[in-house]
Each structure stands twice: as structure tokens, then as C-alpha cells.
1. Let me make sure I get this right: for the stretch 63-152, a, b and c are the square roots of the gyration tensor eigenvalues over alpha carbons, sorted descending. Under 1.5 in a/c it's rounded, otherwise prolate if a/b > b/c, else oblate. Which is it?
2. Under 5 Å between amide H atoms, partner at least 5 residues away or on a different chain: which partners does D153 have, H built in plane at 1.01 Å?
3. Please tell me which of these pairs span more than 24 angstrom C-alpha to C-alpha: K273/K293; K109/K427; K262/K427; K109/K273; K233/K273?
4. Quick one: which of 258-268, 541-551 comes out on top by average Cβ neighbours within 10 Å, and what's the full order, highest first?
5. Pull out a ≥ b ≥ c, the square roots of the eigenvalues of the alpha-carbon gyration tensor of the stretch 446-595, then state rounded if a/c is under 1.5, prolate if not and a/b is larger than b/c, and oblate in the remaining case.
6. What full-extension length gain, to one decimal in nm, is calculated for S161 and K109 as 0.36 nm per residue of separation minus the Cα-Cα distance?
7. Taking amide H atoms as placed 1.01 Å from N in the peptide plane, list the residues 5 or more away in sequence, or in a different chain, whose amide H sits under 5 Å from that of R179.
8. I want to check the label-to-label distance for I242 and H376. Put each point 7 Å from Cα in the C-beta direction and report it in nm to one decimal.
Amino acid sequence: MKHPTCPTLPHPARLHLTTAALTFACGILCVAATSRAAAETLLADQGASPYRIVVATNSLPSERYAAEELQRYLEKITGAKLTIVTGGPSTGAEIRLGRAAADLAPPPKNPDAFTLRTSGARLLISGAEPRGTLYGVYALLEEKLGVRWFTPDCEVAPRTSRLPLPKLDETQTPPLEYREVYWSEMLHNADFCARHRLNGATYGLTEKHGGRGAVYFPFVHSLDALVPPEVCKEHPEYLPLIDGKRKSGYVQRCLANPDVIKMSIARVRQWIKEHPGANIISVSQNDTFNYCKCDACQALDEAEGSPSASLIRFVNLIAADLEHDFPAVRIDTLAYQYTRRPPKTLRPRPNVIVRLCSIECCFAHDLGTCPSEENHRFRDDILAWQPVAPLLYVWDYTPNFGHYQQPFPNFDSLQPNARFFAGHGVKGLFEQGNYSGGGAGEMEPLRAYLLAKILWNPDTDVKRHTTEFLDAYYGTAAGDIRAYLDLLEAQVRDGKAHAHIFDSPKAAYLNDGFVAKALEIFDHAEAAPLPEPFRARVHTARLPIWYVQIATGRVRGADRSRVFDLFVEGARRAGVTDVSEGRTLNDWAEKEKGK
């Protein structure tokens, strides 16, 4: 999704900084007393700097890129372009990065962790390899200097003529080893994702970004690739036995069949050879039920109390065959739908990742406390997997997949859910969103931004991040957008209405009162003088209300035609290509136009 450029704002306009950042910001704002200022060590003053950025002669590509990013943004902030040098003795007035800082600040062990430390006149950014130093630079720029990357085309870099060197001694280690926000907003700009310290499999991250934390092949639902349908035509015994017959089509496989196991091991070894960079191989069920109930499969599943038993045994056999030859490769499988409950006694091997899926849940409320039966069952499942899965990941869901443009009241639950996951042993979190080519889903830019912040730190200040984003992205209309979001969340806060990922536009939380009040809010926002790009952004935020009006028949006749045209024209200007998972805007518009 493309956005008009966000204006660079003078610091601290519209930014509500943390206490630590505000303490440092007092120097940026030049409010320190003259006597104190005289004692300060300045990184830059009046467009000049005595500092240089130092990288080691054997620095990683990500460390050299970190130096370039630091140079770029310090120049934006101060006007001073610091020189980047390689190696050499320490001179004092310098910022040492990565391997050039390791002797003074030993790096943490976690590959994404880093230390920020001042030592005399030196600033040390020492990160674990391969990404830690780059992430340390971004933490400095964002958390200490006020830079914000709200969307790929909307950033804020505060400006000052005088920049003191902050006093720093901190180490950051993310609780999640794998962090992926799978929204279109994040999928087409690897630099943007790296700035948010996301290390997912689908971002196109390269060596300069420190690569990806998880390199999958394939990504999911791999049984058809392991044992292809054309092979099953010659060997129907590879197919699942259901109601006494071997069932073809999009189905699982007979996971107890020795030839299926042998073929799958050979195929996984082939994949590792063909994709040497992959560190996670997916051996996971197809996206369907249709699982095998032959005597062998069913006996194990019944004895273990869950159909996950036959899957875990199958995955374990493959993992055991590989672990000696490929100790760095892990096997990923799903706990999804019929396999969500763990077996009683079977345990995944140490090189197996179990990816638990929350697809059935209510997402309007905290997974840990929501009284819905779906969330109660999910809590039971994650509590059961936590002590037995050596590596537990979660595949989570964050839009309405049946209606990308439909208001989805899950903002209140984003952070509590991430905290719930992290608090129950989850080490990787995949947040699936609207991943269509055009993106521009309902409140997509804000949701993607908040998820990125939360995945790095589940305890982050979401209220502050929301306020900063709305102020920068919507300008003087921020108050109206905030009122709209509060209105949407108010529809579910009493717990009487729940929200699921395939709710229809007639869901209880999209009632007449909500729609009428939302229209009033957007009328007020668009009636005020509002320059571009803010006006276009507000117009895009309004599309979901028009979508609900059209889909529920709340407008008829000439009014329907007017609202339909406004929605379609606005959606196309915003870049929308799909209105749901599997349905394009053009197909939807062609069908709806004739009604």
C-alpha cells in the first residue's frame, strides 16, 4: 500500500515521549540551563559534530548498514553528517558499532539483543550477531531521539540544532525470537520491517538487515508437497481412510503408512539441499480436516486422546532422522483445528516447533479472560502445550478475513493477547492480517504499526503509540479517528458481543447506532479544512462504514448508488485489490452494482 509522504515535524510536535526519552529531549529542546549545557557532551551542535561512526574492519553487512542508517538519521535530526570510518584506534568522540564496540561492551547472546552504553565520550552500540547492532541503532533513534516510522511513507524525524550525548547503560532482549506482522503494510518494504525489529520469513530481509530469524520452506500446509496427489493416484493407500474408503482430493495422508514416512523424509532432505538457507522446514497438515482413521492412525489417536497424536508421531520420525545431519534445522508443524489439543503422552522432539493456531477464538477480548467457550478451549490448549512443546509458536489472526473492509473491534485485545502468549511460553508469533496485493484493509496502517511495537515488547505503551500515530497520520482529524475507534471498541467492551474472523456485516457490534454515530464522526472530520495527505487517509478510514451500509442493505435506491460509487472509487484510490481472502474488489463490485 502506498501513502503520501508524512510531513517531517519539529520535535516534539505530536509526540508523547517516555519519561526517559523526555529527560533526554530536554537537551534537544534546548531548555537546559547554560551552566549545565556547558558540561554536556554534544553529539552535534549547529550542524557540526566532532563525532565519527566506527565499524570494524571485519564488520557484518548489517553493521555497515546500521552505520549508514545512523548517519542518515542523525543528519536529518541535526544537519550534521558524521563520517563513517573502518577500524583504527579509539579517539573518544565516536559511536562504535557491533564488533568495533565488543571489547568495551560485550554483546548479548540472543541474536536480536543489544546493549546501548556510554563510556566517557563514547557511545557504544553492541549487538549480538547478526541483527542486534542494527536493532540497537533503531532503538537509539526511536526510543532516545524521537524518530518514528509510522508507515513506509510516513515518518517523523525531529529537528534540533543541539544534540547532547545521552547517558545510557541498558540491554534489550526481546521475549519473542520470531516476530512477523503479516499485513500488506509490512510486506513490501524490508527496510521498514527491519526498523520495527521484525525478523519474519516473508519480508525479503537481506544480509544488510541481518537476514531473517525464521527462514521457512515451505511455509505451511505441506502434505501435498511431501506426498503429491499424483503419487497418491498410483498408491491410494497413501490417502486417508475415512468411513471405510480412501478419500482423494484436498485431504491429509495416512501418517502411519511406512512408505509415506519414508517418502516424506526423503522429500524433506531434498528440500534442505535445495534450500540451504532454510532453518525451519514445514511438515504440517493441509488446510482441511479429512484426516486418516485407519486402524493404526485411529488406535494411536484414541489412546492419546487427540488426532494430534498421529501427526506428532509422524513429525517426530522425520525430525529424528534429520537432527544428526542437520542440527540447525527445525521441523515446524501445526496444532490447528482438529490437532489443536496435544496428545496425552507423546512429546514433540527438541527440534520440533509446534505452531498453535487461534483461528476459532473471539478476538474482541483478551484471550486469557474472555468468557466465550472458544477462548476457554484455547486457554486449555495453550496451557496443555506449554509444558510439553520444546518450541511453541502461535499463528494468530488480526482482521476479518471474510470482509477486509469491515470494522473489526480487536484493538483492545492486541496487547493483552501478546502478553498472554509470551506469558505462556510462546517464542514465536505470526500475526496474520490482510496480505492481499493492495492492502488498505480496515485501519490497516495503525493495526500493523501497533502489532510491530507489541511484538518487540508486549509491555510497550500502546496508548502512547496510538496517540502518536493518529496525530502524525491524520493531522487535525486525529481526534475524530480516535473517537471512531473508541466507538467501535465500545460495542464489545461489555462482553455481550464477541468478534470472530469471519463475522458477517450483520454482526451485533455493527448495529444501527454504531453505523449512524460513525457516519457523524466522519462527516465532522471531512467537513473541516484538511490538507492532503490527511484528507485521503481519513477518506480511506471511512470506507468500512460505507461497506457495511452496502452489505447490509442500510442504504437503498439512489442513496445506495451514491454510497456504492463513493466506496468503490475510494477503495480504488487507496489501492484496495481484495475485499476478502479470495475475493477481489472488482468481482465484488460487479456483483453488488447490479443489486
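Values quoted throughout were computed directly from the atomic coordinates according to the rules given, and no laboratory measurement underlies them. It should be emphasised that the depicted structure is a prediction, and the values quoted were computed from it without experimental measurement. Positions of Cβ are backbone-derived with ideal geometry, glycine not excepted, and every protein chain shown enters the neighbour counts.
1. Numbers: a/c = 1.73, a/b = 1.14, b/c = 1.51.
Oblate.
2. It is H3, by chain and number.
3. Working: K273/K293 33 Å; K109/K427 16 Å; K262/K427 30 Å; K109/K273 28 Å; K233/K273 27 Å.
Pairs exceeding 24 Å: K273/K293; K262/K427; K109/K273; K233/K273.
4. Values: 258-268: 17.4, 541-551: 22.9.
The most tightly packed comes first, giving 541-551, 258-268.
5. Working: a/c = 1.56, a/b = 1.35, b/c = 1.16.
Prolate is the answer for the stretch 446-595, as a/c is 1.5 or above and a/b outweighs b/c.
6. Values: separation 52, 0.36 × 52 = 18.72 nm, distance 3.69 nm.
The span from S161 to K109 would gain 15.0 nm if fully extended.
7. N199, G200, L429
8. Result: 3.0 nm between the two label points.
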